[in-house]
Amino acid sequence: MALIFIINTISFAQNPLITDQFTADPSARVFGDKVYIFPSHDILATEGKGRKDWFCMEDYHVFSSDNLTDWKDHGMIVEQNKVPWVKPNSYSMWAPDCIQRNGKYYFYFPSIPKDTVNYKKGFAVGIAIADKPEGPYIPETNPIKGVSGIDPNVFIDKDGQAYLYWSGGNIFVAKLKENMTELDSEVKTLENLPAKGLKEGPYMFERNGIYYLTYPHVENKIERLEYATGNNPLGPFKVAGVIMDESPSGCWTNHHSIIEFKKQWYLFYHHNDLSPQFDKARSIRADYLHFNPDGSIQKVTPTLRGIGITKATDQIQIDRYSEINDRGVSISFLDSLNTFNGWKTTFNQSGGWIQYNNVDFGKKKLKSVTVKAFSEKGGVLQIAVKGKKQTVIAEVIIPKGINWTEIKTPLLKTESGIQNLIISSKDDNQIEVDWIKFEQ
Ligand code: FUB
């Protein structure tokens, strides 16, 4: 039974990475020369479809990118009602993971089983197997025997031994057989982790002989990302620190994965960017992650700019900024009734500025910039590149008007290579900006 529809939508992403649907619980994996993300797919429950005000998921998509900027949606890979063991219409396809072994891709996912006798705790974990990361995935008939819980995570050690981690209040681990579908040991509850507060979403990785057990934990009121280290995948682990603090805007969950891609480490996580009023409709994000020389992890501050390089010739969403002036500029949804339309930047004071880093001007000499803007009274925007000093490359006159307009202006100076942009207002009139883009 092939469960795949090719959609191949491309999104040009900052944070959140995907803006045409909700996505959560990102499990990022490097397969070949690409990064694949296997997230949960949050949808909004409606009458007769899922439980109101709770998580609601009916399927999974997979996304890939070779540059961490352009993400391709490969479409649906697994659907609840096509998995033989999943209770029909239970809308509980929670956080998954995927791993490669011997040329096969093993996709692990939790859901509510039909069998409530052997899986008493509510959730079981099943597997779907494919020959390619984007599928088609064939679900196994039964869930994994002996695993009751959520948030599966698989780690294969250097000696080839595979381990399955999962959660359900605590964090559990067991060895997996070579076939990746059966447990090969007793289930062990990982000890020495914080005793109080929910722990879930385990994600294991190894670096320089240190095994990092990373997990969301409710130390205070909502989840933050923490880690513990040890010298064996089975532990014991010693609590080592916090990777990311609680969301300042109160999203109750966070769920993450950590990868190294082209010699840089990244943290993938989620936040309710596209659904500020309802934190069970989340969106995946990514930011750079750095280690200290002793192997400890530096705390990651969530950003809107995220990762990847933006091409100067793409529509640059400056509202996903790197830095922002604390006055004279603000960000809001273009349409608060349809958040999938994205955000806009509003300048309302002379000197208000926003900075957007890592824009690639390439080698070709770009000659003009187009700004999609709207200003009832009209105004002037200045665009500069910020190196050791700041160089103005364009002054864009935004005409008076009551509609969004695309204004094309010649550049005062051409640029090449990777640049950080500063966009600022030269007067106090309100100017709203959707995006900017450079042309040849
Ligand atoms: O997505 C549903 C649940 O929320 C996940 O399984 C948890 O890790 C939390 O992110």
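Each reported figure results from applying straightforward, stated rules to the coordinates on display, with no laboratory input. This is a predicted model, so every value here is computed, not measured. Cβ placement follows ideal geometry from the backbone for every residue including glycine, while neighbour counts extend to all protein chains displayed.
Where is the GNM fluctuation largest for the chain (alpha-carbon springs, 10 angstrom cutoff): Gly378, Gly32, Gly146?
Comparing Gly378, Gly32, Gly146 in a Gaussian network model of the chain, the most mobile one is Gly32.
Once the Cα gyration tensor of the chain is diagonalised, what are the square roots of 5 times its eigenvalues, in whole Å and ordered largest first, as equivalent ellipsoid semi-axes? All intermediate terms of the calculation are to be shown ahead of the outcome.
Details: eigenvalues 356, 105, 81 Å².
Equivalent ellipsoid semi-axes, largest first: 42, 23, 20 Å.
Set Lys and Arg Cβ to +1 and Asp and Glu Cβ to -1, take the dipole of the stretch 310-439 about its Cα centre, and tell me which of Asn403, Tyr356, Val329 lies farthest positive.
The residue sitting most towards the positive pole is Tyr356.
Please give every one of the lysines within straight-line cross-link reach of Lys52, meaning a C-alpha to C-alpha distance under 16 Å, and leave out same-chain neighbours fewer than 8 residues apart.
Candidates past the 8-residue exclusion: Lys280.
Going down the table (Lys82/Lys199; Lys311/Lys408; Lys344/Lys426; Lys34/Lys311; Lys221/Lys299), which pairs top 23 Å between alpha carbons?
Lys82/Lys199
Distance from the Cα centre of the stretch 392-440 to that of the stretch 143-183, in angstrom?
Cα centroid of the stretch 392-440 versus Cα centroid of the stretch 143-183: 52 Å apart.
Computed over the Cα atoms, what is the radius of gyration of the stretch 57-209 divided by 2.2 N^0.38 Å, N being its residue count?
That works out to 1.04 for the stretch 57-209.
With springs only between Cα atoms under 10 Å apart, run a GNM on the chain and tell me which of Asp279, Asp335, Asp42 wobbles the most.
Comparing Asp279, Asp335, Asp42 in a Gaussian network model of the chain, the most mobile one is Asp335.
Mean-square fluctuation check for the chain, GNM, Cα pairs under 10 Å: which of Val35, Val380, Val83 is largest?
Residue with maximal mean-square fluctuation among Val35, Val380, Val83: Val380.
Grab the eigenvalues of the alpha-carbon gyration tensor for the stretch 316-416, scale each by 5, take roots, and send me the semi-axes largest first in whole angstrom. Can you show the working numbers first?
On the way: eigenvalues 103, 54, 43 Å².
Semi-axes from the Cα gyration tensor: 23, 16, 15 Å.
Tell me the label-point distance for the pair Lys158, Lys363, using the 7 Å Cα-to-Cβ offset, in nm and rounded to one decimal.
4.0 nm
Among Thr313, Thr19, Thr229, what is the fewest-to-most ranking by other Cβ atoms within 10 Å?
Numbers: Thr313 16, Thr19 23, Thr229 19.
In order of increasing Cβ crowding within 10 Å: Thr313, Thr229, Thr19.
Exposure proxy check: Ile383, Ile331, Ile77, Ile402 ranked by fewest other beta carbons within 10 Å? Display every interim value, and only then the final one.
Details: Ile383 21, Ile331 15, Ile77 26, Ile402 8.
The order, fewest Cβ neighbours first, is Ile402, Ile331, Ile383, Ile77.
Sort 185-196, 65-76 for me by packing, meaning the mean count of neighbouring Cβ atoms within 10 Å per residue, highest on top.
Working: 185-196: 13.3, 65-76: 18.8.
Averaged packing, sorted descending, gives the order 65-76, 185-196.
In which sequence would Val396, Val30 go, from the one with the fewest C-beta neighbours within 10 Å to the one with the most? Spell out each step's value before the answer.
Values: Val396 21, Val30 14.
With the fewest neighbours first, Val396, Val30 line up as Val30, Val396.
Rounded to two decimals, what is Rg over Rh for the stretch 268-378 when you use alpha-carbon atoms and the Kirkwood radius? Mind dumping the intermediate values first?
On the way: Rg = 16.8 Å, Rh = 16.6 Å.
On the Cα set of the stretch 268-378, Rg over Rh gives 1.01.
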